[in-house]
Amino acid sequence: MVSNLVGTLLGFPEIARIVVTLNIPELIALPAHSRVQVVENAFPKGFAANHNAAFRQCAEPYFCPLNPDIEFDRNPFPVLLEALCRSGAAVIAPLVKSPQGEIEDSIRRFPTPSSLLRKALGRNDGRYVVHEGQAAFFPDWVGGMFMLFKSRAFCALDGFDEAYFLYYEDVDICLRAWRRGMSVLAFPQASVIHDAQRASRSGLRHLRWHVASLGRFLWRYWGRLPKVANRLP
């Protein structure tokens, strides 16, 4: 996945630098290119710590945390960068689809105990209904598999909160952006493919991380969620 992703990104002229973090020792055949920088961790770090470390290598005006299981059917960066600049948002995200073409719920409202209960009961938890090609809008938060930040905004937010090892870092940084008077933009006119591994649904360790991160988020923000005007830009 990583090799294919890096090869695709090198074909996009907007990409000035690709930082690949090897969180554990492994051999990956990456293209030899001056735009590819490899970071090898001495010990495994969490999602937030790894992306914050990558950002410290960033001298460019934009920063895009990207999962290795993302694929592209076309280059989304020209329209995303244009929309990000035009809207004044701090971060933008495209529509995310599965390899089968189904729309994933990567554009969401902030979780609350009541919404989580409705979800557990199989009821409507208040998520957005998003269609491919619809107009851009400002949601509560967007998923961390693909987030395109203005670098100055990511810096002003002090990056991802490293108290989360895995899961909910994306929810947290979007919430802090809204609290700081910044905005989060969803742009369904561009899309990417996410070959999601869904580790928390099958692995006990990932499930523990998921539950711990959810508990941390609710403890910090329950009853203190910012008001988000889900308007058009």
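The values are calculated or read from the model by the stated rules, or taken from the named source; none is laboratory data. This one's a predicted model, so the numbers in the text were calculated from it and none came from an experiment. Ideal geometry is used to build each Cβ from the backbone, glycine not excepted, and the neighbour counts take in all protein chains shown. Each accessible area value is taken on the protein alone, full model and side chains, heavy atoms only, with ligands, DNA and RNA left out. Shrake-Rupley method; radii C 1.70, N 1.55, O 1.52, S 1.80 Å.
Would you pick out the residues in the stretch 158-176 that are of a type outside the set (Asp, Glu) and either free of Cβ contacts under 8 Å to residues at least 40 places away in the same chain or open to solvent by less than 10 Å² (accessible area, probe 1.4 Å) (or both)? Those that are of a type outside the set (Asp, Glu) and either free of Cβ contacts under 8 Å to residues at least 40 places away in the same chain or open to solvent by less than 10 Å² (accessible area, probe 1.4 Å) (or both): GLY159, PHE160, TYR164, VAL171, ILE173, CYS174, LEU175, ARG176. Within the stretch 183-196, can you find the residues that are open to solvent by 40 Å² or more (accessible area, probe 1.4 Å) and either within 12 Å of GLY144 (Cβ to Cβ) or modelled with pLDDT of 95 or more (or both)? Matches in the stretch 183-196: GLN189 only.
Against the criterion of being open to solvent by 20 Å² or more (accessible area, probe 1.4 Å), touching a residue at least 40 places away in the same chain (Cβ under 8 Å) and over 19 Å from ARG109 (Cβ atoms), ALA153 does not qualify. When the stretch 104-131 is filtered for residues that are among the aliphatic types (A, V, I, L, M), open to solvent by 30 Å² or more (accessible area, probe 1.4 Å) and either at pLDDT 95 or above or in a loop (DSSP other than H, G, I, E, B) (or both), the ones remaining, listed by number, are LEU121, VAL129.
Filter the stretch 10-60 for residues that are outside any loop (DSSP other than H, G, I, E, B), within 17 Å of the chain's Cα centre (by Cα) and of a type outside the set (S, T, N, Q) and give the result. Passing the criteria: ILE18, VAL19, VAL20, PHE47, ALA48, ALA49, HIS51, ALA53, ALA54, PHE55. Between LEU95, LEU80, the distinction of being assigned to a strand (DSSP E or B) and either over 25 Å from LEU218 (Cα atoms) or among the polar types (S, T, N, Q) (or both) belongs to LEU95 only. When VAL6, VAL2, VAL20 are checked against the criterion of being in contact with a Pro (Cβ under 8 Å, 6 or more places away or on another chain), free of Cβ contacts under 8 Å to residues at least 40 places away in the same chain and surrounded by 14 or more Cβ atoms within 10 Å (Cβ to Cβ), VAL6 stands alone in meeting it.
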